[in-house]
1. Would you work out if region 55-135 is rounded, prolate or oblate? Take a ≥ b ≥ c from the square roots of the eigenvalues of the alpha-carbon gyration tensor; rounded if a/c is under 1.5, else prolate when a/b is larger than b/c, oblate otherwise.
2. Under the Kirkwood approximation for Rh and a Cα-based Rg, what ratio Rg/Rh is obtained for region 93-154?
3. Please report Rg (one decimal) and Dmax (integer) in Å for the Cα set of region 177-259.
4. How much space per residue, in cubic angstrom, does the convex hull of the C-alpha atoms of region 97-221 take up?
5. Hey, could you pull the Cα Rg and Dmax for region 64-105, both in Å?
6. Could you order THR123, THR68, THR15 so the one with the most accessible surface comes first? Probe is 1.4 Å.
7. How large is the direction-averaged shadow of the alpha-carbon convex hull of region 133-197, in nm²?
8. Counting Lys and Arg as +1 and Asp and Glu as -1, what is the net charge of the other residues whose Cβ lies under 11 Å from the Cβ of LEU190?
Amino acid sequence: MIPSLPGYGFSGKPTTAGWGPERIARAWTELMKRLGYTKFVAQGGDWGALVTDIMAVQAPAGLLGIHTNLPGTVPPDIYKALQSGNPLPSGLSDEERRACEQLDFLYKQHIAYARIMGTRPQTLTGLTDSPVGLAAFLLDHDVRSLEMISRAFAGHREGLTRNDVLDNISLYWLTNTAVSASRLYWENKLSVVDAKGVSIPAAVSVFPDEIYQAPKSWAEKAYPRLIHYNKLSKGGHFAAWEQPHLFAQELRAGFRPLR
C-alpha cells in the first residue's frame, strides 16, 4: 500500500485544520485495519519518514516494525545546540561531527522554503499561477537533489531523468495541489531529524546524498531495537524515486529479520 499524504496530488485537500503528522500516522494505521491487515510494517522518507517515526511512537497493534531512509536520530543535546547556535558537545566522532555540519548547513542555508510554507502557506498563490514558478520552487529542495537534477537536464543519465522531474511538477500543477500540500508544513510542529523515542524494531538506510548521513551510533540510540543499518553507495533525499532498485533491496533487507 502506498498512501498519498492529505493535500498532495493523489489525495483530497483537507478542508479543516488538524491534518498533521500525528493524525496522518493514525489514519495510515486505520487504513491498514480497514483493508483487513492485522500485521504490517511501515516505511517512509521525507515527510513519510516523520509519519513513520510517529507511527512507531504510537506503536499500534499490528505494526511489526519500520524502515526509514531519513531517520530521526539526532540526540536532544545536539539538536538543541544546532537550533540555538551554541557549541556542540565534546567527544563527537568524525562521523557525528560531519552529520552536525550537514545539519548546520541545512538550517542556515537551505530551509527557507520550509519556513515560508510553515508560516504563510496560503500566500503562495504564485505556485498555482505560474508553472515556471512552481517548477523553480520544487527543483530547489536540497542542494544534492538540485545538483543531480541539473546534471539530468544537462543530458547526464543518473538518478532522475528530465521526464521524471517534469512528471512530478505536472502532478502538482494539474491537480492544483501546491498550496494544499504546503499546509502540512504549517500543521507540523515536530522535527524530522531528532530522536522520537521509538521502541519497536526499526531499519535504517543511509543514502550518501541525503540531507544528513545519520551515524550508526545515533541510530542505535534512537532506535534501540535496530534490526538493520546500511550505508548505500548512491542515492539522495528522494531515494525511492531516484534509486528504486537499491531502495527495494534495502526494504527487503531491512524487514527480513521480521519474517
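1. Working: a/c = 2.48, a/b = 1.30, b/c = 1.91.
Cα axes put region 55-135 in the oblate bin.
2. Working: Rg = 14.8 Å, Rh = 13.6 Å.
That ratio is 1.09, to two decimals.
3. 14.5, 41
4. Details: hull volume 17.6 nm³, N = 125.
Dividing the Cα hull volume of region 97-221 by its residues yields 141 Å³.
5. Reported Rg and Dmax, both Å: 11.9, 39.
6. Working: THR123 80, THR68 0, THR15 135 Å².
Of THR123, THR68, THR15, the descending order of accessible area is THR15, THR123, THR68.
7. On the way: hull surface 23.8 nm².
Seen from a random direction, the Cα hull of region 133-197 projects 6.0 nm² on average.
8. Numbers: positive: LYS189, LYS196; negative: GLU22, ASP53, GLU187, ASP194.
Here the charged neighbours net out to -2.
The values are calculated or read from the model by the stated rules, or taken from the named source; none is laboratory data. If you're wondering where the values come from, they're calculated on a predicted model, not measured in any experiment. Ideal geometry is used to build each Cβ from the backbone, glycine not excepted, and the neighbour counts take in all protein chains shown. Heads up: the accessible areas ignore ligands, DNA and RNA and are worked out on the full protein's heavy atoms, side chains in. Shrake-Rupley method; radii C 1.70, N 1.55, O 1.52, S 1.80 Å.
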